[in-house]
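The values are calculated or read from the model by the stated rules, or taken from the named source; none is laboratory data. Predicted model, so just to flag it, every value in this text is computed and none were measured. Cβ: placed from backbone, ideal geometry, glycine included. Neighbour counts: every protein chain shown. Just the protein is used for accessible areas: all its heavy atoms, side chains included, with ligands, DNA and RNA removed. Shrake-Rupley method; radii C 1.70, N 1.55, O 1.52, S 1.80 Å.
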Amino acid sequence: MVPEACVANIISFTSPADIFSSSAVSSVFRLAGDSDFVWEKFLPSEYRSLISRSTDRHQSFSSKKEIYKCLCSSLLIDNARKLFKINKLSGKISYILSARDISIPSSDQASYWSWSKVSNSRFSESAELITTDRLEISGKIQTGVLSPNTRYGAYLIIKVTKRAYGLDLVPAETWVNTRNGHIVRNTAYLCCLDEKKQQMKRLLYGNREERMAMTVEVVGGGDGKRREPKSRDDGWMEIELGEFETREGEDHEVNMSLSEVKGYQLKGGIVIDGIEVRPISLS
Amino acid sequence: MSKKIILISSDGQSFEVDEAVARECGTIKNAIEDKCTDNGIPLANVTSATLAKVIEYCKKHVEAAAKASAGDKDIYGSNEDIELKTWDDDFVKVDQPLLFDIILAANYLDVPGLLDLTCQTVADMMRGKTPDEIRTIFHIKKDYTPEEEAAVREENAWAFM
């Protein structure tokens with residue numbers, strides 16, 4: 001009764017998840033759900049450029065729906081320095097910037113950092129910290145390449161090796177700042193704290209270490225809880241750097257950073273795979 | 001004195017509207033420019049009840065646009081914008097058959113704002129519903145054989161894995 005063009009218009013206001021599931025309603029829904037008109041709306045505006053910058057996709061596509069499907073399985077772009085992905089159900093964009101794509105001072109010096117292929121990494125190289133007293137990592141991204149009107153979180157993807165040291169003395173400072181000056185600051189430990197080890201330290205050193213940890217000020221999110229790396233599905237851990245929002249029509253740079261420079265102690269054994277920028281799901 | 005255009009619904013009722021209001025409909029705008037409006041424009045696909053609603057929408061939006069260009073509009077959503085949005089939200093609170101008739105009319109008459117508004121309303125009703133629920137809400141007949149239905153589900157199963 002309702003022509004295909006109208007059904008297409010209607011479903012284009014829903015989500016990819018709804019479009020996939022509604023194809024089972026009737027043949028008109030299926031036709032509308034396969035149409036280029038609908039999928040054009042869910043493709044990022046620069047999709048042609050993304051595909052041409054990708055290192056591994058050289059196929060031709062017969063429909064916009066096919067292009068969408070391709071973008072849903074991650075795309076390595078820019079000489080495999082970045083990973084681009086669309087969430088197939090929501091259509092939202094996320095990026096992972098590799099360790100080579102972010103700024104790690106002295107990372108080219110072999111006495112401080114070593115680069116190698118790590119298992120479970122999506123990139124050809126990850127950076128392992130040999131030793132440093134100052135750990136500073138930062139990445140940047142333009143909000144214009146992300147989905148508009150979305151709340152994003154930035155996460156440093158790490159692993160802590162068995163030979164790690166100096167990571168549990170003092171929490172690192174994390175912050176995300178955007179062009180309009182808004183800064184979200186927080187602190188997080190670089191590794192999960194072993195409660196037994198912490199108790200031993202208190203016995204041996206009194207409260208000296210806890211006093212050192214307090215030199216790192218907590219601004220904002222101080223709920224008294226220690227923030228530690230969380231496990232991910234891919235065998236790595238992540239440290240939340242902060243959050244920011246994207247707005248339709250706006251395009252500015254967001255800087256996402258972590259720094260542990262107040263501890264003065266030498267630290268090592270943390271492996272950096274990159275920074276992930278992904279939508280925060282509202283539960 | 002603005003020119004009046006006569007629109008004739010499929011059930012023979014005549015509606016006299018200002019030209020500016022009629023021009024909100026892309027197909028009527030073309031008819032006006034092609035100068036074939038002398039005896040009124042017959043709209044064979046639009047009933048009087050539906051046409052009345054379309055005209056109501058067009059009138060309101062023409063008035064709102066006039067106010068906006070006359071006044072000083074703030075880009076972050078002035079009171080007029082919010083008032084218009086509230087009006088739009090109330091406008092679509094009609095029973096389903098009429099809502100779908102308005103969609104078809106907006107499509108036929110080429111009124112993009114009205115088409116998007118009504119389609120968005122239906123989309124909001126559809127969100128998160130299963131195919132069975134969608135068929136029930138919108139009284140749609142399933143025209144798949146069991147084999148075809150299985151094939152369609154299979155085709156899109158990758159999205160939910």
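For the pair A:Ser114 and A:Tyr264, a Förster radius of 25 Å applied to the C-beta separation gives a FRET efficiency near 0.65, rounded to the nearest 0.05. Of the residues A:Asn177, A:Asn255, A:Asn120, the one that moves most in a GNM of chain A with alpha-carbon contacts below 10 Å is A:Asn120. Once both labels are modelled 7 Å past Cα along the beta-carbon direction, what's the A:Lys140-A:Glu125 spacing in nm? Taking the two extended label points, one gets 2.2 nm.
Estimated purely from DSSP H runs of n ≥ 4, each contributing -39500 (n - 2.57), the mean residue ellipticity at 222 nm for chain B is -18500 deg cm²/dmol once divided by its residues. Looking at chain A, the accessible area is 49 square angstrom per residue; that uses a 1.4 Å probe and ignores ligands, DNA and RNA. In plain terms, the bigger the Kirkwood radius, the slower the diffusion; for chain B, with that radius from Cα pairs, at 10 °C and 1.306 mPa s, Stokes-Einstein puts D at 87 µm²/s. Take the alpha-carbon centre of segment B:2-70, take the same for segment A:2-19, and report the distance between them in whole Å. Value for the Cα centre distance between the two parts: 27 Å. Quote the FRET efficiency, to the nearest 0.05, computed for A:Ser73 versus B:Thr47 with a Förster distance R0 of 35 Å and r equal to the Cβ-Cβ distance. E between A:Ser73 and B:Thr47, to the nearest 0.05, is 0.15.
Between the helical axis of B:96-109 and the longest alpha-carbon principal axis of chain B there is an angle of about 60 degrees. Going from the isolated chain to the complete set of protein chains, segment B:92-118 loses at least 10 Å² of heavy-atom accessible area (1.4 Å probe) at B:Phe100, B:Ile103, B:Leu104, B:Asn107, B:Leu115, B:Asp116. Taking a point 7 Å from the Cα of B:Asp124 along the Cα-to-Cβ direction, the residues of segment B:81-111 with backbone N closer than 13 Å to it are B:85-94. In the context of the full protein assembly, B:His139 retains an accessible surface of approximately 150 Å², using a probe radius of 1.4 Å and ignoring ligands and nucleic acids. Considering only A:Gln109, A:Gln265, A:Gln142, the mean-square fluctuation computed in a Gaussian network model of chain A, springs between alpha carbons under 10 angstrom, is largest for A:Gln109. Amide H to amide H distances under 5 Å link A:Trp236 with no residue, where only residues 5 or more positions off or on other chains count and H is placed in the peptide plane.
Rolling a 1.4 angstrom probe over the protein heavy atoms, how many square angstrom per residue are accessible across segment B:29-161? Intermediate values should be presented prior to the final figure.
Numbers: 7930 Å² over 133 residues.
Accessible area per residue, segment B:29-161: 60 Å².
Find the sum over both chains of the accessible area lost when B and A are paired, probe 1.4 Å, and report it in Å² to the nearest 100. Numbers along the way, then the final one.
Numbers: alone 10790 and 15140 Å², together 23290 Å².
That pair of chains buries around 2700 Å² in total.
At R0 = 35 Å, how high is the FRET efficiency between A:Ser60 and B:Glu133 if r is their beta carbon distance? Nearest 0.05 is fine. Computed FRET efficiency for A:Ser60 and B:Glu133: 0.40.
Sorted from longest to shortest, the spans of the Cα atoms of chain A along the three principal axes equal 79, 39, 36 Å.
Do any chymotrypsin sites (Phe, Trp or Tyr not before Pro) in segment B:59-161 lie in a loop, going by DSSP, with at most 12 other beta-carbon atoms within 10 Å of their beta carbon, and if so which? List each step's numbers first, then the result.
Working: sites: B:Tyr76, B:Trp87, B:Phe91, B:Phe100, B:Tyr108, B:Phe138, B:Tyr144, B:Trp158, B:Phe160; in loops: B:Tyr76, B:Tyr144.
Counting only loop positions with at most 12 other Cβ atoms within 10 Å, the chymotrypsin sites (Phe, Trp or Tyr not before Pro) in segment B:59-161 are B:Tyr76.
Rounded to the nearest 20, the size of the Cβ-charge dipole of segment A:1-78 about its Cα centre is 60 debye, with Lys and Arg at +1 and Asp and Glu at -1. Distances between placed amide hydrogens fall under 5 Å for A:Ser147 paired with A:Ile93, all partners being 5 or more residues away or on another chain.
Only protein atoms count toward the accessible area here, which uses a 1.4 Å probe; on the protein assembly as shown, the carbon and sulfur part of that area reaches 51 percent.
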